[in-house]
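Right, one structure below, let's go through it.
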Amino acid sequence: MVDFSNQPTMKGFFAPTRFEADVYDCEVIGKIPSELNGAFVRLGGDWFYPPTSQEDSPFNMDGYLGMFRFKHGIVDYKGRWVKTPRFKADRRAHKQLFGVYRNPFTDDPSVRGLDRSVQNTTPLAFAGKLFTLKEDSLPYEIDCNTLQTIGPWDFHGKYKSLTFTAHPKVDPVTGEMICYGYEATGLESNDVFLYTINKEGVVTRELRFKVPYISMVHDIGLTQKHVIIPVFGFVTSMERLKQGKVHWGWDSTKPSYVGVVPREGEAKDIRWFKGPERATVHTLNARTEGEKVILEAAIFDSNPFPFFPPIDGSPWDPQKARAYIRRNTFNLNSKDDGFTEEKLFQMNVSDLGRVDDRYLSLPYRYAFTAYSDPKRPFNEARAGNLRGRVSNCYGRFAGHRCRGCQSVPRSRLQRGG
Ligand SMILES: [Fe+2]
């Protein structure tokens with residue numbers, strides 16, 4: 001019997017949906033341009049079976065693909081679970097066999113050694129294939145017509161990391177993908193493998209290095225010349241896993257580190273810059289200007305996630321979990337490991353901002369992200385207070401202005417129209 005009634009956080013809007021569907025000729029409000037021919041694919045998480053612990057992270061939900069297929073002014077919808085070995089094992093057992101987030105010690109013994117990844121983070125269309133991505137495993141290839149799960153993909157055996165980021169970067173100039181895996185050689189390893197994969201899907205470069213401490217390396221920044229690797233206060237250890245805890249806890253005493261490495265560089269060329277307690281979960285964009293490498297991102301003051309609590313036992317603090325659009329500038333001519341940080345917009349923003357992918361790694365003007373404007377209404381009764389991190393606006397932010405091709409930023413980011 002599947003029973004979600006004792007899951008207090010899975011009610012209403014947050015209740016699991018638990019279905020697969022095909023909806024042909026979706027109802028349309030307005031008119032779809034008849035020349036629009038293609039698919040919009042989204043990937044997210046949903047619990048098929050309830051988690052084994054109330055302490056678990058939503059990042060442990062099963063992956064679910066939704067696709068809207070447009071042609072001749074008509075749209076069809078298709079929804080499918082990502083059929084990982086884990087999903088199939090759970091289905092056979094009619095219950096959740098896997099324990100808390102990225103902790104195999106909490107699994108049912110019957111699934112020991114099985115790929116325990118859920119593929120719930122990012123869909124990726126690259127080199128003629130559709131993939132789902134989750135940072136604790138290889139990409140999974142998906143049939144782009146049926147959404148059936150084909151299985152893990154290691155780029156013809158040349159991608160050696162056991163893990164693959166959910167946020168690879170595709171260079172709009174060359175078409176190649178810069179991607180990486182952290183904990184690359186196994187659970188609790190400090191290895192990162194960084195790859196370049198050409199637009200045909202062939203691995204052309206591998207760089208292996210180690211991070212200052214084992215941490216979440218969820219996203220990177222890419223410029224035309226450099227890769228930027230943020231490392232921040234989430235910590236883990238074999239000891240905490242054996243205690244049955246979720247993979248990550250927050251250590252507020254840990255400095256943030258940011259690695260900068262030339263795209264053609266070797267491990268010895270990485271410079272690690274050091275900063276205060278911060279969390280750079282997602283990046284907006286980055287660029288290289290002479291000897292300066294510039295990263296713009298929504299950066300949190302501290303731990304953004306209540307489900308990865310502080311390791312010192314203190315309660316998660318929503319007041320400190322605030323993100324602002326910040327610009328970090330790394331001077332490659334500097335003699336020390338410091339960098340500058342500017343706060344470009346004074347209101348809290350969501351960390352899931354984007355730029356037009358055609359400008360990734362290049363000078364750009366606009367970024368788009370949700371943010372919180374205290375002067376504008378927010379229906380807390382309906383949406384809950386989300387523990388202090390609410391968004392009630394979506395903004396276009398105008399900043400770097402490109403004159404010619406390599407101009408210096410002329411203005412700070414401003415709230416756009
Ligand atoms: Fe992400």
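Any read-out appearing in this document is the output of simple, stated calculations on the displayed coordinates, not a laboratory observation. No experiment lies behind these values; they were computed from the predicted model shown. Here the Cβ is made from the backbone with ideal geometry for all residues, glycine too, and neighbour counts use every protein chain on show.
Here the extension length gained between Arg365 and Asn190 equals 59.4 nm, from 0.36 nm per residue of separation less the Cα-Cα distance.
Obtain the radius of gyration and the Kirkwood radius of the range 254-346 from its C-alpha atoms and give Rg over Rh.
Working: Rg = 14.7 Å, Rh = 14.5 Å.
The Rg/Rh ratio comes out at 1.01.
Using only Cα positions of the range 1-125, each an equal point scatterer, no hydration layer, compute I(q)/I(0) via Debye at q = 0.11, 0.12, 0.14 Å⁻¹ and quote the log10 values to two decimals. Each listed q corresponds, in turn, to -0.46, -0.54, -0.69. Label separation (Phe4 vs Thr174): 4.4 nm, computed from points 7 Å beyond Cα along the C-beta direction.
Would you tally the net charge around Val100, using a Cβ to Cβ cut-off of less than 10 Å, leaving Val100 out, and scoring K and R as +1, D and E as -1? Neighbour charge sum, excluding Val100 itself: -1.
Let me know the whole percent of all Cα-Cα pairs from the range 184-231 that are separated by more than 18 Å. Walk me through the numbers before you get to the answer.
On the way: 403 of 1128 pairs.
Of the Cα pairs, 36 percent sit more than 18 Å apart.
Cut-off 17 Å, label point 7 angstrom out along Cα-to-Cβ of Lys31: give me the residues of the range 45-87 whose amide nitrogen falls inside. Answer for the range 45-87: 71-75. Based on C-alpha pairs under 8 angstrom that are at least 6 apart in sequence, the chain has a relative contact order of 8 percent. Rounded to the nearest angstrom and listed largest first, the equivalent-ellipsoid semi-axes of the chain from its Cα gyration tensor are 32, 27, 24. In a fully extended conformation the segment linking Arg112 and Lys343 would gain 78.5 nm over its present Cα-Cα distance, using 0.36 nm per residue. Please report the base-10 log of the normalised intensity I(q)/I(0) for the range 13-72, using a Debye sum with one equal scatterer per alpha carbon and no solvent, at each q in 0.21, 0.25 (1/Å). So the normalised log intensities work out to -0.91, -1.10.
I need the Kirkwood Rh of the range 292-344: take the reciprocal of the average 1/r across all distinct C-alpha pairs and report it in angstrom. Spell out each step's value before the answer.
Values: mean 1/r = 0.0777 Å⁻¹.
Its Kirkwood hydrodynamic radius stands at 12.9 Å.
With contacts defined as alpha carbon pairs under 8 Å and 6 or more residues apart, what's the relative contact order of the range 6-109 in percent? Mind dumping the intermediate values first?
On the way: 167 pairs, mean separation 30.3, N = 104.
Once divided by the residue count of the range 6-109, the mean separation gives 29 percent.
Fully extending the segment from Arg358 to Arg18 would add 118.8 nm, taking 0.36 nm per residue of separation and subtracting the current Cα-Cα distance.
Would you mind ranking Leu284, Leu65 so that the residue whose beta carbon has the fewest other beta carbons within 10 Å leads the list? If you can, show how the numbers build up before the last one.
Numbers: Leu284 27, Leu65 23.
Ranked by crowding around the Cβ, least crowded first: Leu65, Leu284.
Over the chain, DSSP H runs of length four or greater, each weighted -39,500 (n - 2.57), average out per residue to a 222 nm ellipticity of -1000 deg cm²/dmol. In plain terms, the bigger the Kirkwood radius, the slower the diffusion; for the range 190-276, with that radius from Cα pairs, at 20 °C and 1.002 mPa s, Stokes-Einstein puts D at 150 µm²/s.
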